[in-house]
Structures are given as structure tokens and as C-alpha cells.
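Quick note: the coordinates plus some simple rules give every number you see, no bench work behind them. Remember, predicted model here, so these are calculated numbers, not experimental data. As a convention, Cβ positions derive from the backbone with ideal geometry for all residues, glycine included, and neighbour counts pool all protein chains shown.
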Amino acid sequence: MGNSLNVWSQAIASFQPMGLPLGLVILAAIPLVFIALYSLTYGVYGERKISAFMQDRLGPMEVGKWGILQTLADILKLIQKEDIVPTNADKFLFVIGPGVLFVGSFLAYAVLPFSPAFIGANLNVGLFYAIGIVALEVVGILAAGWGSNNKWSLYGAVRSVAQIVSYEIPAAIALLCGAMMAGTLDMQKITMLQSGSLGFAHFYLFQSPIAWLPFLIYFIASLAEVNRAPFDIPEAESELVAGYFTEYSGMKFAVIFLAEYGSMFMVSAIISIVFLGGWNSPLPNIGSFALNEMTSGPAWGAMWLIMKGFFFIFVQMWLRWTLPRLRVDQLMYLCWKVLTPFAFVSFVLTAIWEIYVP
Amino acid sequence: MEEGKVHSQSAEQSAAAYAVIKEAFGDAVSAFDANETMPFFEVLDLSRWQEIALFLRDNAKLKFNYMACLSGVDYPAEEKLGIVCNLESLGELGHKLTVKVKCARNGGSIPTVSCVWHTANWHEREAYDMFGMLFTGHPDMRRILCPEDWEGFPLRKDYQVQETYHGIKVPY
Amino acid sequence: MQELDTAGLGSVRVTRKSDNVVVLEKDLATEQMVLAMGPQHPSTHGVLKLECLTDGEVVTEAVPYLGYLHRCFEKYCENVDYPAIVPYTDRMDYLSGMNSEMAFSVAVEKLLDIEIPRRVEFIRVIVSELNRIASHLVAIGTYGIDLGAFTPFLFCFRDREHILSLLEWASGARMLYNYIWIGGLSRDVPADFNKRVREFVTYFRPQARELYRLLTENEIFVKRTKGIGIMPADVAINYGWSGPMLRGSGVKWDLRRNDPYSVYPELDFNVCVPDGRFSDIGDCLSRHIVRALEIEESLKIIEQCIDKMPGSEGFDPKSAIPKRIRPKEGEVYGRAENPRGELGFYIQSDGKSTKPLRCKARSSCFVNLSAMKDLSRGQLIPDLVAIIGSIDIVLGEVDR
């Protein structure tokens, strides 16, 4: 399979009409978009089913067997809805808000290594890029909140900006602990350094006695980055109706919604790559039963990464439907007085481990 | 209290409370109506109503700290409007009493007791909304249940509903 | 020295340093924003408008505007016979219809000279307490949703379905019952009712315990509600608070104990007050805990009623109801313990007609809500939501 895939990709990559690398764009962008969209639609379906089972009910059951086609039906519905723009809204900001939000959360997909053979853009500062580009979401949220000309949306947007900007700090420091263990910011290299015949024992989570601390810190901070409960004040349904996207309807609403699930998958993928080995198989080689080799490869790699990503999405949903939400000041307290100091402590301890223990 | 009638303990307590009030205020209050279901007295001198209310709340033998209800009532035969206050000494002395205050039908007003019991604040607004008597000294004298620009006072016996409200036909 | 005209500059501080030097400092002008919460809003529990004056996230004042659900209950009462008022009392506090009907019947029966059969009294208490549990489940579930915990709401409603099925079996309707009539009941309970109720009580006890652990003992929930909206006991009494609100402030006052009606004197149950270990006395968490604990007490009451109830041989629920309900001349203020507090009816009757002269409904939520303006001063907006949720209002009763 690897060889024929290579032949195909060579052929498409060499497609350069008028000297523009159109072939490469097609090769990289379209699978990414497909992966993103599929994981999103099934993310939404998964959320509805998982939340339903946790709440002792069934969830969507009508459309397709077990409601599998539900999200497709929802997307079709949202596409044909009337797109309402409030009269007094700042039209430019109102329209570009969702766009910038969506773009911001998808740009990070470019540096995610889905398999040994496939990565959108093999930057040697991939991790740095991933952490930084997410900040583009903030612009989108502010544009959406202000452009809606609605006091409640403004509240939601302001809270969301404060939250995202604050939580980037412990998130970044925790990820840098992982980068320290690898010695590089290149996402593909980080993943390759976690390969080995012992499977999960090579993952950075198990390579250092304090790796669980940055892992936990990044997980919590990433919940705040994507506005998921218990940090979902910006879209607190019962206080602010729908927060910064109250006034959106139709396709723009769908775009914001998909952007949220896109970010969820993205942070899950990042944490899997840095701490849990990315596309590496967690199965070890047991004696002569070469499980690890059997479950590695380009296609296997993509599957492993997506499974790990979905696992973290499942945990995020689990937390959302169990816990109430934190108040704004409690959230800020958590970030600045709890997570950031612990992030620094873990940074120092990881550095000590890396220097003194080979 | 009528001779030869067996009264319940609560009616006797109310009568004892009334005795304290009568002693303090004399002719400003009426005689005690000692019926079984709701013993009451009426305040005859409107200008002393707030003073009586403070006395009811603060006097050590009375301690009526809880106002259960303040209802507006229309007395068309007497051409008067009135309020009926059900008071109770909650957790302290345990007795109950009812006070009635009446005022003239057109343009009448009663001094407010919202400074004595906060319960009276919204109840007096509702009485004004439904009957039309003003409560002098009330911090926020405006309609509470009907819209601000409603005409007429609905619970009066001679109330005629208005024909239209902002162009909507009202009676149906 | 020339005087400066600072009229058009807003708030400015002027300091004169010397003959020729004057320093003008302009304060950073911030405005208070008027935020209207409602009438359409997910967490005001109905059509209530709260006009909040906010300074950033801090609310300086939240003034409630009522009347969106006013349906002229009192005017209606003056135009119909007493029995026809009973369905309307259901619709005031629609989440606890049985309790509202009970309050009205208790009030009117004080003016009638009838003796209610014992079995009627026990059935009334059973359905009232079942309704109390259902109402508290809604209060707890919606309070969780206001604060972001979505799952307890569904657990509460799953169990409430069982209660509603039982009440539908008894009275014919799931929510607006018209079951407790003046002087009796509209019909007897079905044959296996007691058995099914006992099964429900056995099923529900561990569920209530699980709900307590899921929501009330959750640390984030405690952080959101502890120390918020504290109301001291004497202020609460002055505001006219009653029911779980008053008990949440530490006052041991329950009309089923302190002003008993029906067969409550024969039943053994505790009046729940918070003990200050888990929550601050008078805060939102205390009020929530009182409601959660009262569910267990209601289960106890139901079990005792089933044990003590006389049998149904030769029983006619309408036997004590007079042909024409014509109360004697007089007035009465009758009240009962609603899940939300004291529901009282001031009824004025002229002894000759079958319609009341005046029927005023003193509703618990109306009085509880009047403290909103003072409770909300200085709170953050999420705390405002927590406070409204803890007052547990039903707009049907507030506006009547």
C-alpha cells in the first residue's frame, strides 16, 4: 500500500500548472479538510449520543440507524436557513467574525503529523506555530461579539478573550516541557522520537516522573482554550443565552459550531502528539509477537492519532456533562494562581530531569 | 368578648394583644371584632397608622414581626377602600392579629407601612394597582401587575374595562 | 488670576499649583450599563424582566418588573362559584398544583361547618407531598442548569416522571389536577395506588441520595453558591419570606408544624434547617440544601400516611361536600405550606352568595421575589443567576 500511495502522491505533487504548486496544495489541503470535516460531524453526533447516555436517555435515533445521519441532516438544514444580519450590527465585523474563528482553529491542522508519510507543513517550529496561531481565534470572537450589537454577546466575547489569553500561558509552558524532553519544536520529529519497540513506554508521558503534571496542566488549559465546560462561561447558555454567537443563524452559526469542534480535535491531537506518541502504536512487541510493527505504518499511524484524539474528545465531553461551570473570577484565579505556578514548577523539574538523567 | 362562648387559645391571645393596643392608642382604634376565623380591629385615625404599626412591631408584648398579607378591599356600600393586614409574631410570641384601615374611595390615601414591614412594599403597590388608593410615603408608588399606562383600577366593583389598549381591542 | 470654566469637561479635578500653573486631571469616565435580563431569558424561570444596572460585571441594582403573566385570578374569583375557583388555583403555581388546591380548600373549609373524612385527609397529604417532591426536583434540576450542570436536570426529570404518572393515575391529569375539592376529593385513588406509591418511595430514596452527591456535594457547585446572597433571619422575616427561603436562613418555621392543618399533627417529620457546617446560614447553598433535605422528609410523611390511612370500604370522597358551597358570613385568612413558602388566601364571604366577595391570593413567590432588589446589590451577574435560582420562583404564582 505504501508504494502505490507514493506513486500517486508523486504524480499529484508534480502537477504544477504555470509553475504554481497546485498539486501539493491539493495533496495536503483536501485530506486535511476531509479529516477535519468528518471528525467534526461525527464529533457533534458523538457529543449528542454520549451526553444522552450519560443523562439516561437515547439521543438522536430517527435519522439513519441509531441517528448516524443526524449531523448531515443538521448541516443541510443550516445551509438552507435564512441568514439574518441584525440591522444595527456592524456588518463587516459580524460577517468576518465566524470566518476568522474558523480559519484560526483550522490553521493549526497544517502542522499536525497524521502519519509518518503525511503532514501538511513540516515546519521546524511546528509546536510554536500551533500554540501561536490559535490566538487568531480571539480576533474572531471579539469581532463576533462586538459586531452583534448585543450587550450579552459583548459580555460573552469579553469573557472569552480574557479566558483564552490567560490560559495560553500555562498551556504553552506545559507544552514546552514536552518540547524540552524532545529537544525540538518540530512536531514530526517529536513523534518520531517517541517510536520504539516497547510501544507506550516510549511515550513522553511515561518517560519522566513528572510528565503527568504538564500533561494535566495542558489538558485543563486546553479546555479553557476551546471554551468547554467547566470553562464555558463565554457561551454560558443559561446566563448569556449563547454568549458571543447569540445573534448568529444559519450557515454562520454552523461555521462557529464547527470551529469549536475543530479546536477540540486540534487540542486533543496536540496533547496526543506531545505526550502520547502521536501516530505511534501503543502496543509493545511481546517477545516474537511483533505487535508494534504490525500496527505501525502510514495508515495505521493516522488511525492511531485519530483514535487518541477521539479519546480526549470523549473525556472533554464527559467533563462537560458532569461539572457545573466556574465563575469568571474563579476561572481567572485557577489560571493565574494555580496553573501558572505549577506550570513553572513542572518546567523547572523537567529541565532538571533532562539534564541530570540521561 | 362575648360571655359564655368558648374561645380558642389563639383568639384569646389576639384579644390580649388588642388590649395592649387599646390601652396605648385609645380612640385611634376601633373595638375588637372577636370572631373565630379572623379576629380584627380597625384603625380609625389614619394619621396614626404608621405609629400604630411601629408599636405593633416593636412593643415587647406584641412583637408582630411578620406581615403575612396585605390585601386591598373595596367597600362599595360604605364608599370606602381599605386594606386588611394579617400580622403574626413569628418565632417570638406566636400570636396573630388582623388590622383594617379604610380610606375614602375617590382620592383617598393611607400612610405606607413599607418602612415597618418590607412585605408591605409590593403588596401596597398591588393594592394601588388594583384599587387606586395611594399610599403616602411609599418609595416606589407605581403599578406592579398591570402595564404602566393601564386605565382604571381592575378590582373595584364598578370597574369597566377599557375599550382599547394601544390599538388592541380589550373586551372579548 | 483667571477663573477657569470647567463646565463642559465632565468630571475634572483642578489643582492650582501657582499663579500661572493649573493642573487639570480628568477622571476616567465609566458608565453604568443597563442590562435587561428577560422577559425572554433561559434562567429567569419564566417571564420576568430584571433590569440590571451594571458596572462591568458588578450589578449595582437589579429591579424586577412583573406582570407579564398576570391573568386576573382575583377578579375571576369574584365572578364564579367557589368550586370553580379550584382549577384556577392549580394554574397559579403550576408546578405544585395539589398544594395550591390544598391551601384554598383549607381556607374555605374554615368558613364551612363540615367534617372531612379521615381518608380524604390522608389522601390529600399523600398527593401534596408527592407534588412537593416533584416541585423540589424541578427546583434542584433547573438550579443545576442555571449553573451549568446539565445532567442532574435530566435525572430529576426522570424521577419526576414517575410522580407525574402516579398523580395522573389518581387524578386524571399530569400537571393541573383539579383533584382536591372543597370538602373532599374529586374521586378516590385507584385500588393499587398505595402499593405503587410505596414502590416509588423505595425506588426513589437511593436516587435522591445519588442526586445529592452529584450536585450538592460537587465542589464547583459549592463554590458557586456558598456565601452568595446571604439573608439574615430577622431581615427575612421582615420581608415576609417563608418556606425553604426562611428555613435556609436558619428559622425553624414550617406551617405544617407551627400552624397545622389536615392530619399533619399526627405525622412525624423534621423541619429542615441548615446547620452551618457545609454552607453559610442564609446563603444560596443553604436554601438549596433545605430543598434537597425536604425531599427525604416528604418520603417519610408519605410512608406514614400509607400506614395510617383508613381503608376504602364504603368510602365516598364527595360525601362531605355540601350541595351548594355557601360559606357563612365572615372573613378568613387560610394558609398552607407550598413548596415555595406560605400560600395564603384571604377570603371575604357575605354568607348569602356562592361566590366570594373578595379572594386574595397571597403568593409565596411574590413575597420572596420582593427582596431581589436588595439581595442583588453588589453581586456579579453569574451570582445574580445563582440567587434567582435559589429563590425558586414560578411566575404563575408571582403574577397570578
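Data table
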read-out: Formal net charge of residues neighbouring A:Asn122 (Cβ-Cβ distance under 13 Å; K, R +1; D, E -1); value: 0
read-out: MRE, 222 nm, helices only [DSSP H, n ≥ 4, -39500 (n - 2.57), over the protein assembly as shown, to nearest 500]; value: -15000 deg cm²/dmol
read-out: Cα-derived Rg over Rh, computed across chain A with Rh taken as Kirkwood radius; value: 0.98
read-out: Exposed-loop-free span, longest in chain A, where GluC sites (Glu not before Pro) count as exposed if DSSP calls them loop and at most 14 other C-beta atoms lie within 10 Å; value: A:83-358
read-out: Candidates A:Ala221, A:Ala254, A:Ala108: whichever shows maximal mean-square fluctuation once chain A is modelled as a Gaussian network with Cα springs under 10 Å; value: A:Ala254
read-out: The range C:296-383: radius of gyration and largest Cα-Cα distance (Dmax), Å; value: 20.3, 62
read-out: Compactness of chain B, expressed as Rg and Dmax over alpha-carbon positions, Å; value: 17.8, 63
read-out: Average other protein chain Cβ within 10 Å of Cβ, residues B:33-41; value: 4
read-out: Gain on full stretching of the segment that runs from C:Asp350 to C:Tyr94 - 0.36 nm per residue minus C-alpha separation; value: 89.2 nm
read-out: Charge context of C:Asn99, other residues only, Cβ under 12 angstrom, K/R +1, D/E -1; value: -2
read-out: Degrees between helix B:9-25 axis and first principal axis of chain B (Cα, 0 to 90, nearest 10); value: 80
read-out: Gained length - A:Val165 relative to A:Trp66, 0.36 nm times residue gap less alpha-carbon distance; value: 31.7 nm
read-out: Trypsin sites (Lys or Arg not before Pro) restricted to the range C:276-347 and DSSP loop, no more than 16 other C-beta within 10 Å; value: C:Arg277, C:Lys318, C:Lys323, C:Arg324, C:Lys328
read-out: For the range B:63-117 versus the range A:145-204, the gap between their alpha-carbon centres in whole angstrom; value: 65
read-out: Under the span-like rule (Cα at least 15 Å along the axis, Kyte-Doolittle mean at least -0.5), DSSP H helices of chain C; value: C:97-109, C:118-146, C:151-171, C:284-308, C:381-391
read-out: Low-density loop positions, trypsin sites (Lys or Arg not before Pro), the range A:71-160 - DSSP coil, at most 14 other Cβ in 10 Å; value: A:Lys81
read-out: Helix axis angle, B:49-58 relative to chain B longest principal axis, alpha carbon, degrees; value: 50
read-out: For the protein assembly as shown, diffusion coefficient by Stokes-Einstein and Kirkwood Rh (Cα), 37 °C, 0.692 mPa s, µm²/s; value: 102
read-out: Top of A:Ser14, A:Ser115, A:Ser148 by mean-square fluctuation, Gaussian network on chain A, Cα under 10 Å; value: A:Ser14
read-out: Magnitude of the charge dipole, the range B:27-147, Cβ model with Lys/Arg +1 and Asp/Glu -1, debye to 20; value: 220
read-out: Computed E for C:Arg118/C:Leu214 - FRET, C-beta separation, R0 56 angstrom, nearest 0.05; value: 0.90
read-out: Ellipsoid equivalent to the range C:220-313 - semi-axes via the Cα gyration tensor, in Å; value: 30, 16, 8
read-out: Of C:Lys318/C:Lys360; C:Lys49/C:Lys75; C:Lys300/C:Lys352; B:Lys22/C:Lys355; B:Lys63/C:Lys355, those spanning more than 32 Å from alpha-carbon to alpha-carbon; value: C:Lys300/C:Lys352; B:Lys22/C:Lys355; B:Lys63/C:Lys355
read-out: Given 10 as the ceiling on other Cβ atoms within 10 Å, longest exposed-site-free region of chain B for trypsin sites (Lys or Arg not before Pro) in DSSP loops; value: B:6-141
read-out: Kyte-Doolittle at least -0.5, axis length at least 15 Å by Cα - qualifying DSSP helices, chain A; value: A:2-13, A:22-54, A:91-107, A:136-147, A:151-182, A:212-225, A:250-276, A:298-322, A:340-356
read-out: Dipole magnitude of chain A about its Cα centre (Cβ charges: Lys, Arg +1; Asp, Glu -1), debye to nearest 20; value: 240
read-out: FRET efficiency estimate (nearest 0.05) - Cβ-Cβ, C:Arg257 to A:Ile352, R0 41 angstrom; value: 0.05
read-out: Leading residue at positive end of dipole, the protein assembly as shown (Cβ point charges), from C:Val271, A:Leu69, A:Ser166; value: A:Leu69
read-out: Listed residues B:Gly107, B:Gly94, B:Gly137, most fluctuating in chain B (Gaussian network, C-alpha, under 10 Å); value: B:Gly107
read-out: Equivalent ellipsoid semi-axes - Cα gyration tensor, the range C:144-290, angstrom; value: 31, 22, 14
read-out: Share of alpha-carbon pairs per 20 Å distance bin for chain C, given as whole %; value: 26, 51, 16, 6, 2, 0
